[in-house]
Amino acid sequence: MEFPSFDHLNVWRECANVRVWILFLLLLLLKSDVCSGSDYLVGLGSYDITGPAADVNMMGYANTGQIASGIHFRLRARAFIVAEPNGNRVVFVNLDACMASQIVKIKVIERLKARYGDLYTEENVAISGIHTHAGPGGYLQYVVYIVTSLGFVHQSFDVIVDGIEKCIIQAHENLRPGSIFVNKGELLDAGVSRSPSAYLNNPAGERRKYKYNVDTDMTLLKFVDDEWGPVGSFNWFPTHGTSMSRTNSLISGDNKGAAARFMEDWFEQKDYGRTDSVVFEDDALPRRMSNIIPSHHDNHRELLELATSFQSPPGRPVTKTSSVAKRVRSAHRKVGKRRFVSAFCQSNCGDVSPNVLGAFCIDTGLPCDFNHSTCGGKNELCYSRGPGYPDEFESTRIIGERQFRKAVDLFNAADEEIEGDVDFRHAYIDFSQLEVTISDQGYSEVVKTCPAAMGFAFAAGTTDGPGAFDFQQGDDKGNPFWKLVRDMLKTPSREQIDCQHPKPILLDTGEMKKPYDWAPSILPIQILRIGQLIILSVPGEFTTMAGRRLRDAVKMVLTSEEDFEFDDIHIVIAGLTNTYSQYITTYEEYQVQRYEGASTLYGPHTLSAYIQEFKKLAEALIYGEPVEPGPLPPDLLEKQISLLPPVVLDATPLGVNFGDVCADVPRNSTFKSGDMVTASFWSACPRNDLMTEGTFALVEFLQEKDAWIPAYDDDDFCLRYKWSRPSKLSSRSKGTLEWMIPQGVTPGVYRLSHFGAAKGLFGSIHHFTGSSTAFVVA
């Protein structure tokens, strides 16, 4: 038997080494493929945009008496960025705000361009509002939207612009290889039609195509980091942010903001393996238990003795960052990993109410008139009822939880992976005089949109928040007295009256230019594409049927071309995006002139105009062609007028410190889940410091016998901060904390603490804190 020579052995060794290196390189390539997971970079971010919690009118109901005076829970801007490693990218920002604002977007884009150059522009950035009616107003630039807030409120504007910029920066810095999944499911009990008589005016054949008179599908995106796993979710579902009523004065994200808070807290516990503390019972709030709260004492007497040793201390000064340091939710859940971000985005909610029990007369308890939503001819008596009626907080929780539950189901089951190009198209359109070609069964006609105008039924409000005086929904005539009042401001031309017919014009806002524009004329429209997901960014509130027509028209364009990769595409409408121009109804709904039709600014052909222009964007998207950018909207920031008086001085009674308790928790108190614990403190105007990424209110838990750790803050649904003063000109004020103890709370010793900032005689700001007497939760 011959043995190979050493030379042959060396050759074999060299060949083996080569084969090993080739195998190693192949494994590296495979590992790289596994790690990348997809062709996307994904980043998410979130930042506090809670505005002034005092003195500022709430945006949404246009109720001059609805002035902010505290916080239900905080408002946030949440963003995702999806980018091709060497190609396009898109940004979507969801605001816990009533709507997007043109001037806000203009200034955000200016900041992004200063930081990133042309990476982020008005074309690939979408900013959308959830339509809460419980956020501070004054941040839009057109006169009609800031009348009730006494003009422009720079503090409202600044915190929103800052928060959007910071959440986009976070998302940009968090960009990492990841995958995206999409899922869709039906949610039946979170919205009802508030204008069914207008919906019934749509063609019967069209209505027969749909089972319900509202859209019931929720579409959800699940974002998965290749290393860290799931990092966030965004979903779109239509229902109004009007669970909180027109008399509420606490800043709140309403049902969608609540759903986002519930889902982020759910995932935090799920990620920590604390699924046992997530409650899903029908009568219990989905809750977050602080992950640092230790096991409790079993001896109730021992707890009472311990609590008794902690009486309310005097208020004391603290640093500006003290409340930030006390935040319950840390920005980093794990080293190197950002917190989970969940957004519940708005869609075609124009005629969809979360008050699912229906509309009833408050004097008789009977259903309101079907066509006019009146009670004995008066619209002021007709109110819709949420599922927690008469408790608006409970209604908000229930509708929020229903969206949260559906989102969790979709999130857990999401298995359709997003694949394909990232792309976008954007254009500015002058809707005040746009020619629209309407084709029907071979017949073609050219019509025009009109300068903006609001009808008489606009002033009637809706069943979610009725108006005043003798206005009614469904009014296509108007009345002589209010026409005289209208003419004192601006008499509409005969051409405008004919163009807007059958809408009787109450405010001819599109032709009112003093002191500056009352309503927008130039509007942005935008399509974002992420693989088989198409987002239609619309600057207003589409009704159910209007949204269906728009989606169908765009889908027909996209799926009629063989070059488009996907036949089974997902198209969502992102309502109230990039700016605000009120409502968009169908032509048939417009004829009825309920609130939504009266608020369709640009006349009966508004929807046809949107469909025409979005089809152009869709065609450009398919063929990779650019679109004409269109005329730029005005920047009216320098023209803004503000009549909101500043904070002059904060004071307390002689011998009293800021932060001192003025109404304490009773000594030797024991509470249980479902109880309300209350304490009041000598405080100062919350406009002095918005406590951004901090808190005005805190529930603290006693760890061992001497360390107080944060358990709940004013970003929790269960803790409310209420601010009050004895009169409008008084320099004295109080801050009241109300903690509704959630189900399953860890038993132990707790106390309530308040943070604030007082303005001195010469304008200096002094931060302070105070705490209540301790108490036991059994």
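The values are calculated or read from the model by the stated rules, or taken from the named source; none is laboratory data. Just so it is clear, the model here is predicted, and its values are computed rather than measured. As a convention, Cβ positions derive from the backbone with ideal geometry for all residues, glycine included, and neighbour counts pool all protein chains shown. SASA here: full protein model, heavy atoms, side chains in, ligands and nucleic acids out. Shrake-Rupley method; radii C 1.70, N 1.55, O 1.52, S 1.80 Å.
Would you mind stating whether V153 is over 18 Å from L44 (Cβ atoms), modelled with pLDDT of 95 or more and open to solvent by 10 Å² or more (accessible area, probe 1.4 Å)? Taking the combined requirement at face value, the residue does not satisfy it. Residues considered: S323, S373. Of these, the only one that is buried (at least 17 other Cβ atoms within 10 Å of the Cβ), polar (S, T, N, Q), modelled with pLDDT of 95 or more and not assigned by the TED database to the domain that holds N235 is S373.
Listed conditions (1) in a loop (DSSP other than H, G, I, E, B); (2) within 22 Å of V318 (Cα to Cα); (3) out of contact with any Cys (no Cβ under 8 Å at 6 or more places or on another chain); (4) not hydrophobic (A, V, I, L, M, F, W, C) are all met by D650, apart from (3). Taking (1) within 19 Å of E541 (Cα to Cα); (2) open to solvent by 20 Å² or more (accessible area, probe 1.4 Å); (3) not polar (S, T, N, Q) in turn, G129 satisfies each apart from (2). Taken over the stretch 211-269, residues that are free of Cβ contacts under 8 Å to residues at least 12 places away in the same chain and either in contact with a Pro (Cβ under 6 Å, 6 or more places away or on another chain) or not assigned by the TED database to the domain that holds R549 (or both) amount to 0. Restricting G65, G51, G87 to those that are touching a Pro at 6+ places or on another chain (Cβ under 6 Å) and part of a loop (DSSP other than H, G, I, E, B) reduces the list to G51. Among the residues making up the stretch 343-370, those that are surrounded by fewer than 22 Cβ atoms within 10 Å (Cβ to Cβ) and acidic (D, E) are D363, D369. What pairs can you find where one residue is in the stretch 376-387 and on the phi < 0 side of the Ramachandran plot and touching a residue at least 12 places away in the same chain (Cβ under 8 Å), the other is surrounded by fewer than 17 Cβ atoms within 10 Å (Cβ to Cβ) and not in a helix (DSSP H, G or I), and their Cβ atoms are less than 6 Å apart, with a gap of 6+ or different chains? Pairs that qualify, where the first residue is on the phi < 0 side of the Ramachandran plot and touching a residue at least 12 places away in the same chain (Cβ under 8 Å) and the partner is surrounded by fewer than 17 Cβ atoms within 10 Å (Cβ to Cβ) and not in a helix (DSSP H, G or I), are L381/I362; L381/D363; Y383/I362; R385/L357. Does I169 satisfy being assigned by the TED database to the domain that holds G60, in contact with a His (Cβ under 8 Å, 6 or more places away or on another chain) and either over 30 Å from E588 (Cβ atoms) or open to solvent by 10 Å² or more (accessible area, probe 1.4 Å) (or both)? Here the answer is no, as I169 does not meet what is asked.
Open to solvent by 60 Å² or more (accessible area, probe 1.4 Å) and in contact with a His (Cβ under 8 Å, 6 or more places away or on another chain), is that true of K448? The answer is yes for K448. Residues of the stretch 513-541 that are over 17 Å from I106 (Cβ atoms), of a type in the set (A, V, I, L, M, F, W, C) and open to solvent by 10 Å² or more (accessible area, probe 1.4 Å): W518 alone.
Every residue, every condition in (1) within 29 Å of the chain's Cα centre (by Cα); (2) open to solvent by 50 Å² or more (accessible area, probe 1.4 Å); (3) of a type in the set (V, I, T), yes or no:
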{"position": "Y580", "(1), (2), (3)": "yes, no, no"}
{"position": "Y583", "(1), (2), (3)": "yes, no, no"}
{"position": "K615", "(1), (2), (3)": "yes, yes, no"}
{"position": "V647", "(1), (2), (3)": "yes, no, yes"}
{"position": "V665", "(1), (2), (3)": "no, no, yes"}
{"position": "S669", "(1), (2), (3)": "no, no, no"}
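Every test in (1) over 13 Å from W682 (Cα atoms); (2) buried (at least 19 other Cβ atoms within 10 Å of the Cβ) is passed by E704 save one, and that test is (2). Candidates are the residues of the stretch 61-113 that are farther than 21 Å from V341 by Cβ and of a type in the set (K, R); the one that is surrounded by the most Cβ atoms within 10 Å (Cβ to Cβ) is K107. For first residues located in the stretch 514-537 and free of Cβ contacts under 8 Å to residues at least 24 places away in the same chain, partners that are among the polar types (S, T, N, Q) and surrounded by 22 or more Cβ atoms within 10 Å (Cβ to Cβ) and lie 6+ apart or on another chain with Cβ distances below 9 Å do not occur.
Flag: E638 matches the condition of being in a helix (DSSP H, G or I) and surrounded by fewer than 17 Cβ atoms within 10 Å (Cβ to Cβ). Across the stretch 223-244, not a single residue is classified as under 21 Å from L536 (Cβ atoms), open to solvent by 10 Å² or more (accessible area, probe 1.4 Å) and either in contact with a Cys (Cβ under 7 Å, 6 or more places away or on another chain) or not small (G, A, S) (or both).
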